[in-house]
Structure formats: C-alpha cells, structure tokens
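The values are calculated or read from the model by the stated rules, or taken from the named source; none is laboratory data. On a predicted model such as this, the values are computed, not experimentally measured, just so you know. Ideal geometry is used to build each Cβ from the backbone, glycine not excepted, and the neighbour counts take in all protein chains shown.
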Amino acid sequence: MSEAAPSPFANDRALKRLRRRRAADRRFRWYGRAAIGFALAALAVLMASIFAQALSAATYHVVRFRIDPAGIDSAAGTPQILQDVHEQIRASLDREFPEAADDPVLHRQLSGLVTRLAALSAAERIGQGGPGTTAPFDVQLPLSDDVDLYLKGVAARQVTVSLPAMQASANTETGQVTLAGPAALARIRAAAAPTNLHVGEASFLATAGRTTIRLETLSELSATGIVLSGAVGDFNGKPVRMRIVSLPEADRSVSDRQIAWALALQAEGRLRRVPHWALLARTDSTQPELAGTLAAIVGSLLTLLVTAALAIPVGILASIYLEEFAPKNRLTSLIEVNINNLAAVPSIVFGLLGAAVFLGVFGLPRSAPIVGGLVLALLILPVVIIAARAAMKAVPDSIRAGALAIGASRMQTVFHHVLPLAAPGMITGAILGMARALGETAPLLLIGMVAFVADVPRGPEDEASVLPVLIYSWATQAERAWEPMTGAAILILLVFLIAMNSVVVYLRARMDRKS
C-alpha cells in the first residue's frame, strides 16, 4: 500500500498559526472565567456589606413593665391614655433607681431609657378594652435606640474584661467608693495598656450584679470611684465585669448612668434581647426602635397591582398587534422607534409626567398607589412591549405557515399556536419589568410618595409609601440607629425581587414543559 500524501497544511507556519489560535481560545476562556469570578466577588462583597449593616436590626432589646389600668380612663382617648401609661413607666423607673429622683438631669436621662411613643401599644390595648378597669398586665417595650445600640456593641467601642471578686468600701462623707483586689486591678491595667486608655479620658465601669461603679482613679493597690446604680454592699463577693468605653461620655449619645441602669435591668431579668419581628409588623415612626416596614410593604403591593393591571395587558396586546397584524408602513416604523426610545428615557421624566398629568390635570390623590402604579406602568410599558415582541419573533415562521396551511385564520394562528410558544418569554419580560418598577424611587418622589405614612393603606387611593422610598427616607436620617434599619429594609426589598425572579423561573419551566 502506498503511504498517505502529506497534508498541505502540515508545515511549520500552519502549525504555528494553529497553536496561536488554540492559545487564544484558552485565554478567552480564562478571561470569561475571570469576569464571572469578578462579578461574583463584587456581588458577594455587596451582599456581605448589606448583611453586616442589617445584622444589628435583626434583634432589639425590650424592657418589661407592669401596667395597672385601674387608674386610667379607657374612654379618655389614646393621647391621654398614652400619657397615663408613660407616667406609670416613669414611676416604675423612679422606684427602681431612686438616685435620679432629685437630679433633673439624671431624671431626664432615666426617662430616656424608654421613649414616650414606645408605650403606644399598651395605650391602645387599654383603649380597646372598653369602659371600666381590667387586671394589671405585663408589656415589653423597646429600649431607646441609643442604649440599644450600645448593648449591641455598635454605638461605642469598648473593651470587656472578666475580673475576680473585689472588695468595695464606701466613704459616707465624700460618697466615693474604694475598690481593692490586686489581681483584678492588674488585669484592668493590662486590658487598658494596648489601647493606651486612662481613667478620666475613658469610662471604666465595673459591674457586679445590678451595681455599677465608675472608676475615677486607678493605682497598683486600689481604685476609687462612684456608684452609678445599685448599692456597694451588693458589689462584694461577686464576679466583676469591667467595661472600658474608649469614647468619652461627652462625645456619646448614651451616658454612663444609662449604661449602668440598663445593665441593672438586664441583671434583674427585666431587659432582654429578642428578635425584631416588629420590623415587619409596625408602620413608619420618628423613633428608630419603633419604626417598621408594614405600611411600605402594603403600599408596594398595591402599587405593583395597579402597575400590573395596566402595563401587562396593554403591553402584550400592543406587541401582538405590532408584530402580527400591523401593516408595515412609515407610521408603524415611527411607533416602533418611539417605543424603543421610551425604553431609554430616564425614570425621573415619567415622574414629571405623572405629577403634571395625573396630579395636575386629573386631580388624582397625591402619594397614592393608584398614581404611583400609573406612573410605573408608563415606565415599564416599553420594556414589556419590546420583550413580548422579541418572544414572538423567536417563534419559527414554519409554525405560522403550518397553521395557515391547515385552514386556521390569522387570529387562530396567533392565539392558538404562536402565543403558547411565546408565552414564557412574554411573561419573563413582564415580570422583569415589574421587578424594575419595584425598585424605582425617583418617579415616586416627584408624585409625593415620600410622605410620612403611619397607617397601613387599605386601598389604592389611600396615602402610602413604598419600600424604595422608605429606604431613601431612612438613609437620609441623622441618627445612627437608622443605618441598620436601612440595611434591613434593603434585605426585605431584595426578598421581594428574588421572589419575583423565582416566579419567572417557575413559569418558564412550567410553560416550556407544556409546549
């Protein structure tokens, strides 16, 4: 047998080009993997930062109080009942910490542990009970946001050290307390040395049981201080917890007294940390510890219902006409160009249109889901039309020709053969457009949906807010406690978006199996 003829491409130049092409293919694959890795890393960093910010809002501290409705007129109205309940709470704190009774500054700090509006739930419970009296009941009220953040370790940086028992003796003339315990004092100095903290510049708070002593001097043999809460006799013989707060008291929103009182309540079992379910059950508030997202969640749902009721049917019907029935002329081409251009118009322009037309001309209620839904429907309508037309274009022309060949009319061809095959893509475009509407903020700000809403809307014409606007409102607040609340609201919004995308995946899979 004769040998095979050599290939005309089996030469050094051809092999060199082949090696270069294969190397380019390998590089392209690595570039793609690197791009995917970079995108996943950026997403992971973003989600980690949001979770870290929202972690503090997952729980909050509550204080237990006993409310006696016997002296409260349940028919006096919520404001008066709230005032009476708040007076009982203040009286309970005064009995618990009598050292604040004669000092107006300390009394104001003590009252600041629980805000007045925190007792609103107890006042409403009494008001709904009808005339007459009821038995005393226990309530758990949110702790002030500043003290809550401190107990979570967010408000002020501190070093915590566990110490053995120390001996405390009080000087009745000067009111100072002397602490003795060489091992404990040495451990305090060792804990303060790495950060170069000194008594007087930072707060050195020694807590044993419900007694807290603030150090004013510290030496190798002893330390002196003053009692912030509790009694000196309760300090002796108990393990000590030393908290060294690096930030001076004058630069903090929570005082040493408030820290001591909160620790005393915690030692008694009246203060505890619980899951923050109220974030989903309450409406917006001026106090971070009382604020919730319920009104914004309901407002978002009502707004999306109005948006879906208008944008999805109109968008799909318009796409069917333009793709299957409209004549191909200059007018149709002009309409198609304008639809494509509208998809790229900034969302704030639709907000200006809604404010001018729906509010100015038609006089619809301001800050209502019906107006927000109409504006967002106009915003996503081009997206729905373009996605639906792309889905119908993806259906092979042989489907149409086969249906027409067996005697189907043009209407039957479209609705019985083309639409079932294009439905997954059309629904995907519609729900992705709804997801975009859920995250829009700028157009809703211009129609007044940034208003403070304390009640849950009952219909599309009631005053309401939405989650993106609520996030914007909380993010612009000055108090530190709003930061974790903002992160928690962002997570709730992401849950909504993930749920909508999951619906898209489910519907596509279900319709693909049917087709």
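Structure notes:
- Only one of 505, 469, 453 that is surrounded by fewer than 18 Cβ atoms within 10 Å (Cβ to Cβ) and either closer than 18 Å to residue 305 by Cα or of a type outside the set (D, E, K, R) (or both): 505
- Within the set 23, 34, 57, 76, the sole residue that is of a type outside the set (Asp, Glu), out of contact with any strand residue (DSSP E or B) (no Cβ under 8 Å at 6 or more places or on another chain) and either within 30 Å of residue 489 (Cβ to Cβ) or in the same structural domain as residue 261 (by TED's automatic domain parsing) (or both) turns out to be 57.
- Which listed residue is among the hydrophobic types (A, V, I, L, M, F, W, C), more than 24 Å from residue 264 (Cβ to Cβ) and in a helix (DSSP H, G or I), from 82, 149, 93, 110: 82
- Checked against the criterion of being free of Cβ contacts under 8 Å to residues at least 24 places away in the same chain, assigned by TED's automatic domain parsing to the domain that holds residue 466 and on the phi < 0 side of the Ramachandran plot, the candidates 421, 404, 381 yield just one match: 404.
- Test for residue 250: is it out of contact with any helix residue (DSSP H, G or I) (no Cβ under 7 Å at 6 or more places or on another chain) and not aromatic (Phe, Trp, Tyr): yes
- Filter pass, residue 5 being of a type in the set (Gly, Ala, Ser), at pLDDT below 90 and not assigned by TED's automatic domain parsing to the domain that holds residue 490: yes
- Boolean, residue 220 is closer than 20 Å to residue 106 by Cβ and among the acidic types (Asp, Glu): no
- Any hit, region 439-451, residues being closer than 24 Å to residue 290 by Cβ and in contact with an Asp or Glu (Cβ under 8 Å, 6 or more places away or on another chain): yes
- The strands (runs of 3 or more DSSP E) located wholly in region 177-222 that include 3 or more residues which are under 17 Å from residue 161 (Cβ atoms) occupy 203-208, 211-218.
- Condition met for residue 174 (modelled with pLDDT under 85 and surrounded by 13 or more Cβ atoms within 10 Å (Cβ to Cβ)): no
- Flag for residue 119 being in contact with a His (Cβ under 6 Å, 6 or more places away or on another chain) and either assigned to a loop (DSSP other than H, G, I, E, B) or not assigned by TED's automatic domain parsing to the domain that holds residue 478 (or both): yes
- Flag for residue 93 being out of contact with any Lys or Arg (no Cβ under 9 Å at 6 or more places or on another chain), at pLDDT 85 or above, under 22 Å from residue 245 (Cβ atoms) and outside the structural domain of residue 270 (by TED's automatic domain parsing): no
- Flag for residue 293 being within 30 Å of residue 471 (Cβ to Cβ), in contact (Cβ under 8 Å) with a residue 40 or more places away in the chain and buried (at least 22 other Cβ atoms within 10 Å of the Cβ): yes
- Residue 280 being among the aliphatic types (A, V, I, L, M), surrounded by fewer than 17 Cβ atoms within 10 Å (Cβ to Cβ) and in the same structural domain as residue 382 (by TED's automatic domain parsing): no
- Flag: residue 436 matches the condition of being within 25 Å of the chain's Cα centre (by Cα), of a type outside the set (Gly, Ala, Ser), under 30 Å from residue 469 (Cα atoms) and surrounded by fewer than 17 Cβ atoms within 10 Å (Cβ to Cβ).
- Test: residue in region 459-467 that is touching a residue at least 24 places away in the same chain (Cβ under 8 Å), out of contact with any strand residue (DSSP E or B) (no Cβ under 7 Å at 6 or more places or on another chain), under 28 Å from residue 505 (Cα atoms) and in a helix (DSSP H, G or I): yes
- When 425, 429 are checked against the criterion of being surrounded by fewer than 22 Cβ atoms within 10 Å (Cβ to Cβ), touching a helix residue (DSSP H, G or I) at 6+ places or on another chain (Cβ under 7 Å), of a type in the set (Gly, Ala, Ser) and not in a loop (DSSP other than H, G, I, E, B), a single residue qualifies: 425.
- Given (1) in contact (Cβ under 8 Å) with a residue 24 or more places away in the chain; (2) surrounded by 14 or more Cβ atoms within 10 Å (Cβ to Cβ); (3) not basic (Lys, Arg), number of the condition residue 415 does not satisfy: (1)
Rundown of residues vs (1) in a loop (DSSP other than H, G, I, E, B); (2) surrounded by 14 or more Cβ atoms within 10 Å (Cβ to Cβ); (3) in the same structural domain as residue 439 (by TED's automatic domain parsing), yes/no style:
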| residue | (1), (2), (3) |
| --- | --- |
| 304 | no, yes, yes |
| 308 | no, yes, yes |
| 311 | no, yes, yes |
| 319 | no, yes, yes |
| 322 | no, yes, yes |
| 334 | no, no, yes |
| 337 | no, no, yes |
| 345 | yes, no, yes |
| 348 | no, yes, yes |
